[in-house]
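Below: one structure, written as structure tokens.
The values are calculated or read from the model by the stated rules, or taken from the named source; none is laboratory data. Every value quoted in this text rests on a predicted model; they were computed, and no experiment measured them. Here the Cβ positions follow ideal geometry from the backbone for every residue, glycine too, while neighbour counts run over all protein chains shown.
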Amino acid sequence: MYDFHIHSDFSMDCKYLVEEMVQGAIAKGMKSICFTDHIDYDLSGDGINFEFRPADYFKKMRQVKYRYMDQVEILAGVEIGMQLHLSDRCDEFIANNPFDFVIMAVHSIDKKSIHTSRFPNHMPPMEALSMYYDYLYRCIDIFDNYDVIGHIDCIDRYFDDRSMIPDFEEYLPHIEKVLKLIIERDKGIEVNTSGMRYELGYYNPKIEILRLYRDLGGEIITIGSDAHSPEFIGYHYREAEKLLRELGFKYIYIYRDRKKIPIQIG
Ligand SMILES: [Zn+2]
Ligand SMILES: [Zn+2]
């Protein structure tokens, strides 16, 4: 099992030490894990950034990598929160650090955190979805230094009333545009299993999006739990793998030193 989306206390929203997360991964029998701690500049426009010091991060990553090498492979990645005005800054940060893997995610739109503003509840639902997917599209269009897009449809999480989420067919054109661009740029997506924890009842992205991605020719896909605590490492991994197999995907991908490696789905 290969969990490629894990946080530690290098992320502002996670209190568990790297070692505690590694112990969790060993207990779950993971083969490889990749830490993807948060870098989110200008999350809310109040000057608060989610960031870590790369020197400390890579020092810790090297320590655990060698200490636990007989038990689990440990890779060092990042989940970078993209916004249109940040592309140069993020590019420089990634280029200057030896990450194995980079997830790009949209957590804020023009310095407004989706998590705190919860904007989907304050406008017509379709308007909220188009705003998010069109922003994501523009981020993918201007930024290239990443490997996969994280939790593509996580916008669903922020509808207080989930019954307000429009039917997939209604916003299909927006998501299709996003997926086509990802494929055209030779990037991938992740299956983020945390949607089950957030009681969405599905992974991010949902089955319809995974199917569309496959139909459009998308192949590059990683699996990540987005665990912020040890017990969620590898959460729903086998189920996600099974779903991908049923959808016709032959491989999941892992990354070392920013190079993608296909792993046949068992
Ligand atoms: Zn995220
Ligand atoms: Zn995450």
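So which of GLY195, GLY218 ends up being more than 30 Å from LYS65 (Cα to Cα) and either touching a Gly at 6+ places or on another chain (Cβ under 8 Å) or surrounded by 15 or more Cβ atoms within 10 Å (Cβ to Cβ) (or both)?
Details: GLY195 fails: more than 30 Å from LYS65 (Cα to Cα).
The match here is GLY218.
If we scan the stretch 97-113, do we find a residue that is modelled with pLDDT under 95 and either within 13 Å of ligand 1 (Cβ to nearest atom) or in a helix (DSSP H, G or I) (or both)? So far as the stretch 97-113 goes, yes, one or more of its residues are modelled with pLDDT under 95 and either within 13 Å of ligand 1 (Cβ to nearest atom) or in a helix (DSSP H, G or I) (or both). Only one entry in ARG89, ARG138 is farther than 17 Å from ASP40 by Cα, surrounded by fewer than 21 Cβ atoms within 10 Å (Cβ to Cβ) and charged (D, E, K, R), namely ARG138.
If the requirement is being of a type in the set (Val, Ile, Thr) and surrounded by 22 or more Cβ atoms within 10 Å (Cβ to Cβ), which of these qualifies: ILE103, ILE109? Break it down into steps so the answer makes sense when it comes.
On the way: ILE109 fails: surrounded by 22 or more Cβ atoms within 10 Å (Cβ to Cβ).
Result: ILE103 is the single residue among ILE103, ILE109 that is of a type in the set (Val, Ile, Thr) and surrounded by 22 or more Cβ atoms within 10 Å (Cβ to Cβ).
Pairs linking a residue in the stretch 131-147 that is under 23 Å from PHE99 (Cα atoms) to a residue that is β-branched (Val, Ile, Thr) and part of a loop (DSSP other than H, G, I, E, B), with Cβ atoms under 9 Å and 6 or more positions apart or on different chains, are LEU136/VAL106; LEU136/ILE152; CYS139/VAL106; ASP147/ILE220.
Each row is one residue, and each column tells you yes or no for (1) away from ligand 1 (no atom under 15 Å from the Cβ); (2) within 21 Å of PRO98 (Cα to Cα); (3) of a type in the set (Phe, Trp, Tyr).
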position: PHE4; (1), (2), (3): no, yes, yes
position: HIS7; (1), (2), (3): no, yes, no
position: LYS15; (1), (2), (3): yes, no, no
position: MET30; (1), (2), (3): yes, no, no
position: ILE39; (1), (2), (3): no, yes, no
position: GLY47; (1), (2), (3): yes, no, no
position: GLN63; (1), (2), (3): yes, yes, no
position: GLY81; (1), (2), (3): no, yes, no
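Residue-by-condition table, conditions (1) away from ligand 1 (no atom under 16 Å from the Cβ); (2) at pLDDT below 95:
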| residue | (1), (2) |
| --- | --- |
| GLY188 | no, no |
| TYR202 | yes, yes |
| LEU216 | yes, no |
| HIS236 | yes, no |
| ARG245 | yes, no |
| ASP257 | yes, no |
| GLN264 | yes, no |
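Do the conditions hold for PRO173, that is, is it closer than 18 Å to ASN121 by Cβ and modelled with pLDDT of 95 or more? Against the criterion (closer than 18 Å to ASN121 by Cβ and modelled with pLDDT of 95 or more), PRO173 does not qualify. Do you know which of the residues in the stretch 171-194 that are without any contact (Cβ under 8 Å) to a residue 40 or more places away in the chain and in a helix (DSSP H, G or I) is farthest from the chain's Cα centre (by Cα)? Restricting to residues being without any contact (Cβ under 8 Å) to a residue 40 or more places away in the chain and in a helix (DSSP H, G or I), the top hit is PRO173. With the requirement that a residue be away from ligand 2 (no atom under 16 Å from the Cβ) and either part of a helix (DSSP H, G or I) or not hydrophobic (A, V, I, L, M, F, W, C) (or both), what does the stretch 139-155 give you? CYS139, ILE140, ASP141, ILE142, ASP144, ASN145, listed by residue number. The single residue among MET30, MET69 that is in a loop (DSSP other than H, G, I, E, B), touching a helix residue (DSSP H, G or I) at 6+ places or on another chain (Cβ under 9 Å) and either over 23 Å from MET104 (Cα atoms) or among the hydroxyl-bearing types (Ser, Thr, Tyr) (or both) turns out to be MET30.
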